[in-house]
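Written below as structure tokens is the structure these notes are about.
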Amino acid sequence: MLGLLFAFLFQLFQISELPKTRAEISNFTETSTYSDVITFIEGISKQSEIINSTVFGKSFEGRDLPLVVLSKPKITSPQEAHSSGKLIVLLLGNIHAGEVEGKEAILHTIRKFHSDEKFKKLLNELIILAIPILNADGNEKISTANRPHQKGPIGGVGIRENSQGLDLNRDFTKLETPEITSLVMNVFNKWKPHLLIDCHTTNGSYHGYVLTYATNLNPNGDERIASFIRDELLPEVTEKMFKKYGYRTFFYGNFIDPLDPSKGWITFDHRPRFGTNYFGLINRFSVLSEAYAYADFKTRIDATEKFIEEILMFASKNRKKMLKLIKQVDSETSSGKIDSLGIKFQIAGKPAEIWGYKTIEYIDSLTGEKKRKVSDKIELFKTTNFGEFKTVKKRSVPDAYVFPGNFEVVAEKLKQHGIKIEKVKGKFKAKADVFIVDSLKRSERKFQGHNETELFGRFEEMEVEIDSGYYYVQTQQEKLGLIFYLLEPESDDGFANWNFFDEFLIAELKDKGKAIYPVYKIKNKLRR
């Protein structure tokens, strides 16, 4: 009996010694610095039997990017994770370093696996990959001038972009930042997580939810994956969040017209440059978490933390079902039976009732200026939720994409995405769909350092001769949706859009008045 008492007291002592975050220590007036995060991870790792703390890459300024692996028993390699039969969940925080709630919530979640034995039992079904501070450089540029519209922390937060001035959550297709390139190559491709929870904080509308959410919005991801999140996981988590904590949650969006909520509630973009869309495009489960900027800092962290916890509990309970669905989708995607995918998309809406606040327009009696103010009374508005995208135009899926060997940069990007690619050995002829470019249009304003390109033209079927040294990308791969999106000439987020072929195409158009897009869609099986 005395031995049990000592064991209990020892465990209690250990729990009391678990580190606290800067947010907690400061009574939620400050957010954690990079040094705080590393110290927290080191402190908890020293007394942990379930943590493998490692580094998956470096920031643009050279900071180590920490990856915390929680598992029971402790594992040290992706191979051990894959052979475990467990569902691998990635928690991602601070991709925008002004949106710090995920960073703090993920640290709290790591700690809870050490202080709550019931919560720790989730590791019987799950392996957790935790990245609390992806935008490490942006985090260190803390200032009270950043995100002044939100309620705290009064000590300030970091900035949205990384040290290149680029938005990490617009980089998933072009891979121009070391942070996202490392995330894709060293976490997505090596650890192969099944579920992503990506934590953010809102910028937009006043509404009645402490947290909003989304899943993959790109229709080229398998609909069964998105439907599972949208129709099974999120409804259950929504119910738990309200019943257990009193937190209202709903699908992410903003009122199209704050003065008239009946005009609609609209979500964000379908393109895979966004992390949760990218993850869905490779047929994995993804959840976007958006804490409400106008809730106080402590509440935003707590809501994000509780949201993560409820998702993890759902995932643990549904592990077998989720793994079975992924296996089925992967098999079908790589079978060669998918003959077409979307190239143009349109947002779709359906009736909804959404909690929000009236915005009132008035004339300032002193200045005569037209101003707006937000009512403090919450109301339920009947409106339309424009929350999904539908395919309105498709293109055929070829047997393979083939392009000349001098486009090494394109080949290297495909490899970074984890796409299988090989070089042709020996000439051959094949029938192909070839895109004839009549003109191209570049955006007038730069976006993320690019004047995005749109190609105009038509496909023609012709016989092409493929030389030795060409790159060959077979489409019978699990990442078919991503291959299609990156290499199709009309893609709104592919390599053509991001200027990878501009120099070649502009020269050809100038010289010949038209150009052949250098990626051929091979229609017949290659016999080599």
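Below is a table of values for the structure above.
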| item | result |
| --- | --- |
| Hull volume in cubic angstrom per residue (convex hull over the Cα atoms of the stretch 120-162) | 118 |
| Principal axes of the chain: Cα extent on each, largest first, Å | 81, 72, 42 |
| Under 11 Å, Cβ to Cβ, from Ile180 - net charge with Lys/Arg +1 and Asp/Glu -1 | -1 |
| Rounded to 10°, Cα long-axis angle of helix 34-46 versus longest principal axis of the chain | 70 |
| Environment charge at Thr109 (Cβ cut-off 13 Å; Lys +1, Arg +1, Asp -1, Glu -1) | -2 |
| Order of Trp265, Trp355, Trp191 - criterion: other Cβ atoms within 10 Å of each residue's Cβ, fewest first | Trp355, Trp191, Trp265 |
| Qualifying aspartates and glutamates (Cα of each under 16 Å from Cα of Lys510; at least 8 residues distant if same chain) | Asp438, Asp502 |
| Per DSSP, loop trypsin sites (Lys or Arg not before Pro) in the stretch 358-433 with at most 15 further Cβ within 10 Å | Lys420, Lys425, Lys427 |
| Nonlocal amide H pairs with Phe381, under 5 Å, H built at 1.01 Å | Ile354, Trp355, Gly356 |
| 3J(HN,Hα) from dihedral phi, the stretch 379-394, Karplus parametrisation 6.51/-1.76/1.60, rounded to Hz, x for glycine, proline | 9, 9, 9, 7, 7, 10, 8, 8, x, 9, 10, 10, 6, 10, 8, 10 |
| Volume of the Cα convex hull of the stretch 81-176, divided per residue and given in Å³ | 125 |
| Hull-based mean projected area of the stretch 347-391, where the convex hull spans the alpha carbons, in square nanometres | 4.6 |
| Formal net charge of residues neighbouring Gly57 (Cβ-Cβ distance under 15 Å; K, R +1; D, E -1) | -3 |
| Whole-angstrom gap from the stretch 141-182 to the stretch 186-202, using each part's C-alpha centre | 17 |
| Where labels lie 7 Å past Cα in the beta-carbon direction, separation of Thr29 and Glu461 in nm | 7.3 |
| Added length on full extension, which subtracts the Cα-Cα distance from 0.36 nm per residue, Tyr294 to Glu454 | 53.8 nm |
| HN-Hα J in Hz across the stretch 253-263 - Karplus 6.51, -1.76, 1.60, θ = phi - 60°, x for Gly and Pro | x, 9, 5, 4, 10, x, 6, 9, x, 5, 6 |
| Long-range amide H partners of Val157 with built H, under 5 Å | Ser143, Asn146 |
| Cα long-axis angle, helix 101-115 against the chain (0 to 90 degrees, to the nearest 10) | 60 |
| Glu388 long-range amide H proximity, modeled H, under 5 Å | Ala348 |
| DSSP-loop chymotrypsin sites (Phe, Trp or Tyr not before Pro) across the stretch 39-101, with at most 16 other Cβ within 10 angstrom | none |
| At most 11 other Cβ within 10 Å, DSSP loop - GluC sites (Glu not before Pro), the stretch 424-528 | Glu444 |
| On Cα atoms only, tilt of 319-333 relative to the major axis of the chain in degrees | 10 |
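Readers should treat all values here as calculations from the given coordinates under stated rules, not as data from a laboratory. Bear in mind that the values here come from a model prediction, so they are computed numbers and not experimental data. As a convention, Cβ positions derive from the backbone with ideal geometry for all residues, glycine included, and neighbour counts pool all protein chains shown.
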